Amino acid sequence: QVQLVESGGGLVQAGGSLRLSCVASGGIFKIRPMGWYRQAPGKQRELVASISHTGITNYGSSVKGRFTISRDNDKSTHYLQMNSLEVEDTAVYSCAAGPIYQPTVTRVEYWGRGTQVTVSS
């Protein structure tokens, strides 16, 4: 059983930056794709970014060029660096782990509990 714990959310002004972290335990981290989803009030959950076990990244169109996903397999941790934040980025961000050796987290096997990101104008 894999456990995922996020940290790094909070309140930031528009134009600012935050870095989210997600630490995995209880499984073999380095062979899983990892990613971040977000869900804003009244909206569907959307995939923000994913990174494969080989380091290939994918981003949602609304965050491309502003957010960067990375991973540190030695620490079983992946990160989401969020720059140029906009009010529309306000949401609960959840980290996700996909099936082993899959390229993305379009199918999620494990979820974190989520962390709130609020961007003020």
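Ordering V108, S70, Y37 by the projection of their Cα atoms onto the charge dipole of the chain, which places +1 on the Cβ of Lys and Arg and -1 on the Cβ of Asp and Glu, puts V108 at the extreme positive end.
Near the amide H of R66, within less than 5 Å, lie no amide hydrogens of residues on another chain or at least 5 residues away, with H placed in the peptide plane.
Summarised in one figure, the compactness ratio Rg/Rh of the chain, Cα atoms and Kirkwood Rh, is 0.95.
Rolling a 1.4 Å probe over the protein chains gives C95 an accessible area of about 0 Å².
Using θ = phi - 60° in the Karplus curve 6.51 cos²θ - 1.76 cosθ + 1.60, the 3J(HN,Hα) couplings for the stretch 88-104 round to 5, 7, 4, 4, 8, 9, 10, 8, 9, 10, x, x, 4, 6, 7, x, 9 Hz; x is entered for Gly and Pro.
Quote the charge dipole size of the stretch 1-110 about the Cα centre in Debye, to the nearest 20; the model charges only the Cβ of Lys and Arg (+1) and of Asp and Glu (-1).
Result for the stretch 1-110 is approximately 160 debye, rounded to the nearest 20.
Packing around the peptides 12-21, 45-54, taken as the average count of other Cβ atoms within 10 Å per residue, puts them in this order, highest first: 45-54, 12-21. With the highest mean first, a sort of the peptides 37-44, 113-120 on other beta-carbon atoms found within 10 angstrom per residue produces 113-120, 37-44.
The values are calculated or read from the model by the stated rules, or taken from the named source; none is laboratory data. For clarity, every value in this text was computed on a predicted model and none was experimentally measured. Quick reminder, even Gly has a Cβ in these numbers, built from the backbone with ideal geometry, and neighbours come from all protein chains shown. Just so you know, the surface numbers come from the protein's heavy atoms only, side chains and all, with ligands and any DNA or RNA stripped out. Shrake-Rupley method; radii C 1.70, N 1.55, O 1.52, S 1.80 Å.
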